[in-house]
Each structure stands twice: as structure tokens, then as C-alpha cells.
1. Rounded to a whole number, what % of the accessible area of segment 14-331 do carbon and sulfur atoms account for, probe 1.4 Å?
2. Indicate the gyration tensor shape class of segment 14-331 (rounded, prolate or oblate), computed on the Cα atoms with a ≥ b ≥ c the square roots of the eigenvalues: a/c under 1.5 is rounded; otherwise a/b larger than b/c is prolate and the rest oblate.
3. May I ask you to evaluate 6.51 cos²θ - 1.76 cosθ + 1.60, the Karplus curve with θ = phi - 60°, for each residue of segment 273-284 and list the ³J(HN,Hα) values in order in whole Hz, giving x for glycine and proline?
4. Dipole of the chain (Lys/Arg Cβ +1, Asp/Glu Cβ -1, origin at the Cα centre): which of Leu148, Leu85, Phe36 lies farthest to the positive side?
5. To the nearest 10 square angstrom, what accessible area does His175 show with a 1.4 Å probe?
6. Could you pull out every residue, at least 5 positions away or on a different chain, whose amide H is within less than 5 Å of the one on Gly104? Hs are placed 1.01 Å off N in the peptide plane, and Pro or chain starts have none.
7. Could you sort out which of Lys80/Lys135; Lys135/Lys169; Lys33/Lys135 sit more than 18 Å apart by Cα distance in this structure?
8. Report, in whole Å, the centroid distance computed from the Cα atoms of segment 221-274 and segment 131-188.
Amino acid sequence: MAPVTDTLQRPMRDLRISVTDRCNFRCTYCMPKEVFGPGYRFVPRDQLLSFEEIVSLVRVFAERGVSKVRLTGGEPLLRKDVEKLVGMISAVGGIEDLTLTTNGSLLARRAAALAAAGLNRVTVSLDALDDTTFKAMNDVGFPVAAVLEAIDTAAEAGLGPVKVNCVVKRGANEHAVADLATHFRGSGHIVRFIEYMDVGSTNGWRLDEVVPAAEIIDAIDAIHPLEPLPANYPGEVASRFRYRDGQGEIGVIASVTKPFCGSCTRARVSAEGVLYTCLFASTGTSLRDVIRAGGDVGGAVDAVWKRRDDRYSEIRSSHTRSPVPVEMSYIGG
Ligand code: SF4
């Protein structure tokens with residue numbers, strides 16, 4: 001089947017599937033406690049896509065050119081038996097890269113089973129190396145040491161090199177940039193520094209709290225000289241830099257100051273089976289309802305992608321803001 005392209009000739013290559021909107025962290029830039037408190041109504045379990053439904057969707061997307069699947073959340077390891085889902089997806093033809101983004105809290109115990117089930121790699125979020133800052137950002141008092149142990153265990157299980165994601169927010173953790181870069185130099189793992197984004201509508205985002213990628217690079221280059229690297233593949237989200245002394249590489253994801261919508265090949269499906277064509281979208285299309293009605297899922301996906309024209313980050317300003325963009329914890333980042 002010929003790859004489907006959107007109105008900007010962008011194909012679908014990456015499918016991000018959120019398997020739950022629940023999380024055991026309350027990161028202030030994603031799931032602030034004030035909003036996602038005890039009374040918050042998460043997606044009811046019977047509204048979640050079943051594993052069989054998720055796999056049927058992966059097949060449909062693989063037929064249309066998707067070769068990379070990323071499992072996300074909330075926190076995907078909160079979904080019961082997610083190793084079983086990994087095994088089912090890894091058997092789908094055409095899927096060359098199966099990865100998962102996690103906060104690492106449950107990873108140390110699950111890494112070996114995930115790798116055995118067919119997971120290729122993991123991305124672990126870690127916003128600081130000092131407990132004071134990290135606990136303030138995850139807002140549940142989770143310690144750094146446990147995440148570092150999870151990263152080591154994942155690497156031992158063959159899920160490395162691990163990508164370590166750090167969201168940089170001015171006034172919160174800009175000092176952590178140098179700490180994280182220095183800590184992971186020579187480890188083989190790749191730290192990706194992410195500009196703080198106006199995702200969803202609950203994190204109180206302000207432009208003056210964004211630390212631009214250029215400033216992040218300068219801060220690292222001042223202590224560990226860097227040089228740019230070419231992208232690994234078209235549409236790669238992170239800009240890559242290597243340490244001139246050969247001690248590895250880092251990445252920066254600059255959605256605010258250096259948007260990359262022109263090469264965005266990412267489709268996103270929420271835990272209840274709604275297809276979104278942009279991280280900053282406010283509306284989507286329910287594929288679950290099409291599946292459960294025995295309808296033409298492939299046709300529905302084609303129709304949505306062919307009319308896609310998203311490039312929010314390139315035109316980001318007050319007047320282009322979606323009425324109420326979906327929350328990142330719901331759409332899976
Ligand atoms: S803003 Fe939307 S279109 Fe642009 S890169 Fe992000 S997800 Fe893709």
C-alpha cells in the first residue's frame with residue numbers, strides 16, 4: 001500500500017500510542033497536582049482500547065508506512081500486563097522500532113521482561129540530578145537514585161542506549177542542564193533537553209519560562225565543547241550534538257524556538273482510541289468507535305491524515321492557539 005501523505009506531503013512514520021492517561025507522578029509542566037487531584041476523572045477502564053484493538057490499529061498504520069511505534073501514557077507501565085502488548089506489537093509486520101517513554105519509577109523491575117517481550121529501547125524522563133529539584137518537579141517526592149538505577153537496569157537488559165529526557169523550565173531546573181550533561185557523558189546514554197512547551201491548558205505556561213535551545217547548548221558547550229551532528233533520519237525530533245572529545249552526544253528538542261513541523265510524521269492515538277494529528281490539537285477522531293462498529297478503520301485513518309495541515313509550533317502565537325488543547329498526559333507527548 002502506498003504511504004499516505006498529508007496536505008504538506010508529510011508521510012506517517014511514527015505512531016505514538018497512549019496506553020493510559022494515569023500517572024504516578026504529578027510533574028508540574030504536564031500534570032499539575034492542583035488539576036489532577038484525587039477527584040480527577042481519568043478514562044474509565046472499559047473505555048480504554050483493549051490490547052487486541054491497539055494491535056489492530058498498529059497493523060492499519062503499518063500498512064500506511066508507519067515503522068516506529070512508541071508506547072506512552074500518562075505512565076505506560078501503570079497499564080497492567082503491558083509486556084503482553086509489547087509482545088503482540090513486536091509481531092506486527094513493518095514495525096522496525098518499538099519503544100516506550102516512562103518516568104522510570106516501575107522500570108527497574110520490568111526492564112528484563114519488556115526486553116524479552118520485544119521492546120527495542122526506552123526513553124526515561126529525568127529533569128534533574130539533585131533530589132530537591134527533581135522531587136519539586138515530579139511533585140510526588142520520587143528520588144533521583146531510583147530513576148538512575150532503572151536506567152542502568154534497562155541498559156543491562158539490552159534496552160539501551162537509553163534516551164534521557166529533561167524538560168528545562170526557567171526558575172525550576174536550568175542548573176540541571178550541566179549536571180545531567182556531565183553525569184551521562186561517556187555512558188553511551190543520550191540526554192535530550194526539551195524546551196518547556198505550552199502543551200494542554202493546565203501547566204500555566206509562560207514564554208519567559210522557556211530556556212531556549214541555544215542557551216542550553218551554550219551552557220553545555222562552555223564546559224564540554226560540542227559540535228553539531230546530522231539527523232539520524234528525516235523527521236527526527238531532536239537536534240543532535242556530539243562532544244568534541246568523543247564522550248558521546250546530547251540532543252535538544254526546540255519546539256518553541258526552532259520548530260520542526262515541516263518534517264513531522266507523528267500520529268498520536270489516545271488510550272481511548274482517539275486519533276490526533278498534532279500534540280497541540282484540541283479535537284481528534286475516534287478510531288475505537290469505528291473498530292467497535294466494525295467500520296473501515298483504514299479509510300478513517302486515510303481521511304484524517306490526508307486533510308492534516310497541522311504546524312502549530314511554526315505558527316505558535318495567541319491567535320493560533322487551539323481552544324482547549326488536549327492534555328499531554330492524555331495524548332502521550
Ligand atoms: S506542533 Fe504539531 S505538527 Fe508541529 S511538530 Fe509538534 S506535533 Fe508536529
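1. On segment 14-331, the fraction of accessible area on carbon and sulfur atoms equals 53 percent.
2. Rounded, because the longest to shortest axis ratio a/c is under 1.5.
3. Coupling constants for segment 273-284: x, 9, 8, 10, 9, 7, 4, 9, 5, 10, 10, x Hz.
4. With unit charges placed on the Cβ atoms, the residue in question is Leu85.
5. 90
6. Here the answer is Ser125, since their amide H atoms fall under 5 Å of that of Gly104.
7. From Lys80/Lys135; Lys135/Lys169; Lys33/Lys135, over 18 Å: Lys80/Lys135.
8. So the separation of the two Cα centres works out to 17 Å.
The values are calculated or read from the model by the stated rules, or taken from the named source; none is laboratory data. Fair warning: this is a prediction, and the values are worked out from it, not measured in the lab. We place every Cβ from the backbone using ideal geometry, glycine too, and count neighbours over all the protein chains shown. Surface accessibility is based on the protein's heavy atoms, side chains included, excluding ligands, DNA and RNA. Shrake-Rupley method; radii C 1.70, N 1.55, O 1.52, S 1.80 Å.
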